[in-house]
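I have placed the structure first, in the form of structure tokens, so that the comments after it can refer back to it.
The values are calculated or read from the model by the stated rules, or taken from the named source; none is laboratory data. Values in this document were obtained by computation on a predicted structure and should not be read as measured data. Glycine also receives a Cβ, built like all others from the backbone with ideal geometry; neighbour counts cover every protein chain displayed. What goes into the accessible areas is simple: the full protein's heavy atoms, side chains included, and nothing from ligands, DNA or RNA. Shrake-Rupley method; radii C 1.70, N 1.55, O 1.52, S 1.80 Å.
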Amino acid sequence: MFNKFFAAVALSVLSLATPNAFAQQKPVDAEGHQWWQHAVFYEIYPRSFADSNNNGVGDLNGIASKLDYLKDLGIDAIWMTPFFPSPQVDFGYDVSDYDAIDPMYGTLHDFDHLSAEAKQRNIRLILDLVVNHTSDQHPWFKESRSSRDNPRRDWYIWRDGKGPGQPPNNWLSTFGLSGWTFDPKTKQYYYHYFYPEQPDLNWRNPAVEKAMLDVTRFWYKRGVAGFRLDAVDTLFEDPALTDNPVLEGTDKFGRHNMKESYNKKLPEVHDVMRKLRNTADEYGAVLIGETWTSDVGELKDYYGSKNDELQMPMDLMMTGFKGLSADQYRKHIAAVNAAGHWPVYVITNHDIIRSYTRYSDDTHNDDIAKMMAALYLTLRGSAIMYYGEEIGMQNNDPKSKEDVQDPIGKLGWPTEKGRDGERTPMQWTAGPNAGFSEVKPWLPVPPSAITHNVASEMKDPNSIYNFYHQLLALRHTEPALLDGDWVPLNEADPNVLAYVRRYKDEAILVVLNMSATDQNVTLDYAPAGFSAPNLKVLLTSVDKSAAVSAADAIPMAPYSAYIAKLSK
Ligand code: NOJ
């Protein structure tokens with residue numbers, strides 16, 4: 001009796017001491033899937049989501065005030081881009097303190113409030129960990145640059161130049177200019193893959209590794225469910241500083257193209273992924289990677305040969321597809337599925353032109369937005385949405401160089417306009433500043449906010465918002481969409497992408513007309529194990545009356561989506 005009592009007390013004390021309430025997740029289904037495999041992730045750019053203190057920039061309390069909206073939409077986890085103290089040269093991707101909140105966004109108390117409110121709604125928080133570099137204002141770098149023999153000198157990549165005015169080698173910063181900046185004080189160059197204000201950390205130094213793993217622990221203990229790891233491809237550089245091969249042609253900044261053989265995707269990256277994963281596992285956390293890969297093989301590597309690296313390396317390859325081609329999507333999805341891991345689909349984010357603008361044909365824009373939603377939210381895998389996709393926000397690029405906020409837009413104007421266009425304030429209402437703030441926001445709201453905003457679209461049953469709302473509800477309740485395999489139909493069709501998601505006795509058909517013309521689609525269901533199934537329509541994007549309920553031809557309007565349940 002006493003033993004049992006003490007055991008119970010010991011257990012409850014232990015669970016109080018558990019650093020993260022979400023640690024050691026139980027599987028969410030009979031397949032052994034974890035919560036993140038059933039989750040819809042929503043990326044928030046905190047500067048632009050909701051401005052609670054009316055200074056023109058969004059903040060943590062603003063995000064907290066919108067949690068009910070997100071819950072109702074069908075969001076399970078939010079990934080917030082960096083809100084740590086930062087000089088904001090790269091709008092937060094230049095971190096000067098990893099364990100605090102920039103006053104512009106609030107306080108640690110506000111963070112804890114957001115975390116508690118999110119937890120009440122069963123929404124997980126994912127933070128953004130900038131692992132490749134810090135701000136040049138981080139105390140680590142300030143010490144590092146103070147003298148050649150400072151104990152933190154080796155926390156960054158310092159080298160002698162080749163001669164007066166000549167950097168150590170030909171590596172370039174992806175944000176324009178050289179990858180090296182000369183520091184007159186100690187007469188050496190430091191390396192930066194991004195802006196000069198973002199010096200690269202030296203991951204070959206074990207002290208750097210320890211410091212960054214400690215950062216993750218700090219936040220896991222505060223209850224975060226995981227991290228999105230920034231710029232992991234560029235963590236390591238060739239120690240011999242071999243020049244990169246120069247290629248034909250020039251880039252958008254007018255520099256020679258280069259093959260980044262010696263400063264990108266070095267094999268050592270995977271050692272760090274494993275170490276970050278080990279720490280994440282201590283807390284039952286999930287790691288999402290900003291993994292730019294050129295093919296499915298490279299993507300596969302980021303899961304780890306023993307599934308011991310990232311649980312969720314992002315498949316960013318679709319963001320580079322030109323135009324809409326059923327064939328291109330079909331082949332890509334088939335290859336990703338064949339690779340055998342849990343896919344993570346992304347069609348846009350804060351660095352990439354919004355999908356609404358990317359696929360726009362000026363006639364069917366809203367239909368295309370719904371069709372793309374039906375694609376990435378019905379595939380096998382986890383999906384990461386970007387704020388505003390659910391209302392059809394479009395890019396609002398700066399009209400002149402003077403208006404540009406993003407430094408790469410200033411440097412590369414007009415070929416490179418920067419990323420302001422995809423980072424504009426969330427459009428909540430048709431009112432002033434789209435309801436984002438009572439004052440002029442840091443980036444301008446596009447005229448389309450009058451029609452494409454949360455308040456107006458909630459009232460319109462045919463809006464993009466309502467399509468997303470229904471789609472996300474299906475995705476959370478239909479076993480075939482959660483756990484089913486992916487079987488393509490009519491694989492020779494150049495215009496229509498059709499597939500079935502099958503799980504046990506459940507099967508859901510998805511038909512997407514990726515062309516600008518009407519298509520009458522007769523499907524061969526044999527690959528999915530059906531001959532003439534019954535169809536029960538679950539959701540269509542346009543012309544609902546035209547949807548059929550029998551296994552004959554399906555009339556598909558241009559860029560329409562059709563989702564139905566199949567039965568024998
Ligand atoms: C990728 C981030 O998404 C981007 O916004 C940032 O500028 C770079 N990494 C550098 O941190």
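Qualifying trypsin sites (Lys or Arg not before Pro) in segment 131-199, where qualification requires a DSSP coil assignment and no more than 15 other C-beta atoms within 10 Å, comprise Arg148, Lys162, Lys185, Lys187. Amide H contacts of His133 (H built 1.01 Å from N, in plane; Pro and chain starts excluded): Leu201 sit under 5 Å, all sequence-distant by 5 or more or on other chains. Converting phi to 3J(HN,Hα) with the Karplus coefficients 6.51, -1.76 and 1.60 and the offset θ = phi - 60°, segment 339-345 yields 5, x, 9, 7, x, 9, 8 Hz in sequence order, with x at every glycine or proline.
Here the 3J(HN,Hα) profile of segment 302-318, calculated from phi with Karplus coefficients 6.51, -1.76 and 1.60 at θ = phi - 60°, is 6, 6, x, 5, 10, 6, 10, 10, 8, 6, 10, x, 6, 8, 9, 5, 5 Hz, Gly and Pro shown as x. Here Gln470 and Glu438 are evaluated by their C-beta separation; at R0 = 35 Å the FRET efficiency comes out at 0.60.
Counting only Cβ charges, +1 for Lys and Arg and -1 for Asp and Glu, the dipole size of segment 117-269 around its Cα centre is about 520 debye. Annotation: amide H of Ser178 within the under-5 Å range of Ser173, sequence separation 5 or more or interchain, hydrogens built in the peptide plane. The apolar share of the surface of the chain, taken as the fraction of accessible area on carbon and sulfur atoms (1.4 Å probe, ligands and nucleic acids excluded), comes to 54 percent.
Near Ile464, once Lys and Arg are set to +1 and Asp and Glu to -1 for all other residues with Cβ below 14 Å from its Cβ, the sum equals -3. Close amide-amide hydrogen proximity is noted between Phe84 and Asp102, each under 5 Å apart and 5 or more residues distant or on a separate chain (H modeled in the peptide plane; Pro and chain starts excluded). Taking the inverse of the mean reciprocal distance over all distinct Cα pairs, the Kirkwood hydrodynamic radius of the chain comes to 25.2 Å. With a Förster radius of 45 Å applied to the C-beta separation of Asp183 and Asp524, the computed FRET efficiency comes to 0.10.
Whole-Hz Karplus values for segment 260-270 come out as 7, 6, 10, 9, 8, 6, 6, x, 4, 3, 5 Hz, taken residue by residue from phi with 6.51 cos²θ - 1.76 cosθ + 1.60 and θ = phi - 60°; glycine and proline positions read x. For the pairs Lys331/Lys401; Lys399/Lys459; Lys331/Lys417; Lys210/Lys410; Lys264/Lys410, note any where the Cα-Cα span goes beyond 28 Å. Correct reply: Lys331/Lys401; Lys399/Lys459; Lys331/Lys417; Lys210/Lys410. Taken over segment 384-485, the percentage of Cα pairs per 5 Å bin, counting from 0 up to the bin with the maximum distance, is 2, 13, 18, 17, 15, 13, 9, 7, 4, 2, 0. Excluding ligands, DNA and RNA, the accessible surface per residue across the chain is 39 Å² with a 1.4 Å probe.
Taking 7 Å steps out from each Cα toward its Cβ at Arg121 and Ser147 produces label points 5.3 nm apart.
Under the convention that each Lys and Arg Cβ holds +1 and each Asp and Glu Cβ holds -1, the size of the dipole of segment 196-286 around its Cα centre is about 420 debye.
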